[in-house]
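The values are calculated or read from the model by the stated rules, or taken from the named source; none is laboratory data. Because the structure is a prediction, the values reported are computed rather than measured. All Cβ positions, even for glycine, are placed from backbone atoms using ideal geometry, and neighbour counts span all protein chains on display. To get the accessible areas, we keep the full protein, side chains included, count just its heavy atoms, and leave off ligands, DNA and RNA. Shrake-Rupley method; radii C 1.70, N 1.55, O 1.52, S 1.80 Å.
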Amino acid sequence: MQAVITSALISIAVEAGQEIMEVYKRDFTVEHKEDDSPLTEADKRAHNVIAKGLHEADPETPVISEEGNTVEYEQRRDWKSFWLVDPLDGTKEFVKKNDEFTVNIAKIEDQYPVMGVIYVPARDVLYIGGKSFGAYKVTDVSSRLPLSEELLQQHGERLSVSGPEAEVNVVASRSHMSVETEAFINELKETYNEVDVVSAGSSLKFCLVAEGKAHFYPRYAPTMEWDTGAGQALVEAAGGTVARYEDNERFYYNRKDQTNGWFIVKSF
């Protein structure tokens, strides 16, 4: 069953990405939600594809999506597992048309991510990680579907984090660089000979850590649970960690308040 879900998950993410690209390639309007974050037709179309696909592939497991109906804590507090979805992560990057936006889908079990997929529609690159099969990157993925776990291992690049040595790379947000992040980078400069900063949008920051191209991703600014679930699954499957800033404990999900606190992603 797990292998079937993995294959379906990949196909669902790619199909959602294709819906996004249909909007991306033409003029589109931008709405704004109550928190002033942008919303486009692409967000909605991707949500519809993912919600339908997950229901068909795994009808017993509920779905929480950024663009779906709000699920009150009293209803979800005892859920043992659920899908956590951001249909279009990096809508600001989408609007800027810089290609750095993603489709994020994570499976949460007992409050922790066990599998996640991040698809980059503009590049046709897919990242997937699971505690049962490891972490992989697949290029030109739309031409390889359907992609079973066996074919994933055959066509994908196995990802593994790399620990920092004399030189380190820090990945930071293009849209959300904070004073605290700058202070963190300055502290690293006191320890390492060289500190390079790489900017990236959306969940691509998690992908850079999973690929071994970055050693730290500090996020000292607000995010939501659906922004991080898939990225955490990927990084952990590649051997890295995602921990809360305040106590260095592993990041967990299905909290009453779905707004994330500060966290740091490390390649070790």
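Worth a mention:
- Any hit, region 158-174, residues being among the hydroxyl-bearing types (S, T, Y), under 16 Å from the mean Cα position of the chain (by Cα) and modelled with pLDDT of 95 or more: no
- Looking only at residues of region 140-159 that are among the small types (G, A, S) and in a helix (DSSP H, G or I), we find that the one that is farthest from G240 (Cα to Cα) is S143.
- In this structure, Y245 does not satisfy being aromatic (F, W, Y), in contact with a Leu (Cβ under 7 Å, 6 or more places away or on another chain) and more than 20 Å from E100 (Cβ to Cβ).
- Qualifying residue in region 220-237 (condition: in contact with a helix residue (DSSP H, G or I) (Cβ under 7 Å, 6 or more places away or on another chain), surrounded by 14 or more Cβ atoms within 10 Å (Cβ to Cβ), touching a residue at least 12 places away in the same chain (Cβ under 8 Å) and part of a loop (DSSP other than H, G, I, E, B)): yes
- The set of residues in region 160-215 being open to solvent by less than 50 Å² (accessible area, probe 1.4 Å), assigned to a helix (DSSP H, G or I), of a type outside the set (S, T, N, Q) and touching a strand residue (DSSP E or B) at 6+ places or on another chain (Cβ under 9 Å) consists of F184, I185, L188, L204, K205, F206, C207, L208, V209, A210.
- Restricting region 4-35 to residues that are open to solvent by 50 Å² or more (accessible area, probe 1.4 Å) and more than 20 Å from N98 (Cα to Cα), the residue that is modelled with the highest pLDDT: E15
- Count of region 78-92 residues which are under 13 Å from M21 (Cα atoms) and not hydrophobic (A, V, I, L, M, F, W, C): 2
- Taking residues in region 1-24 that are under 18 Å from G156 (Cα atoms) and of a type in the set (S, T, N, Q), and partners anywhere that are at pLDDT below 95 and in a helix (DSSP H, G or I), the pairs with Cβ atoms closer than 7 Å and at least 6 places apart or on different chains are T6/E149.
- Residues that are surrounded by 15 or more Cβ atoms within 10 Å (Cβ to Cβ) and in contact with a helix residue (DSSP H, G or I) (Cβ under 6 Å, 6 or more places away or on another chain) number at least 3 in the following helices (runs of 4 or more DSSP H) confined to region 36-134: 41-57.
- If you go through region 135-150 and pick out every residue that is out of contact with any Phe, Trp or Tyr (no Cβ under 9 Å at 6 or more places or on another chain) and open to solvent by less than 10 Å² (accessible area, probe 1.4 Å), you end up with 1.
- Complete set of residues in region 255-268 that are in a loop (DSSP other than H, G, I, E, B) and either open to solvent by less than 10 Å² (accessible area, probe 1.4 Å) or farther than 24 Å from S132 by Cα (or both): R255, K256, D257, Q258, G261, W262, S267
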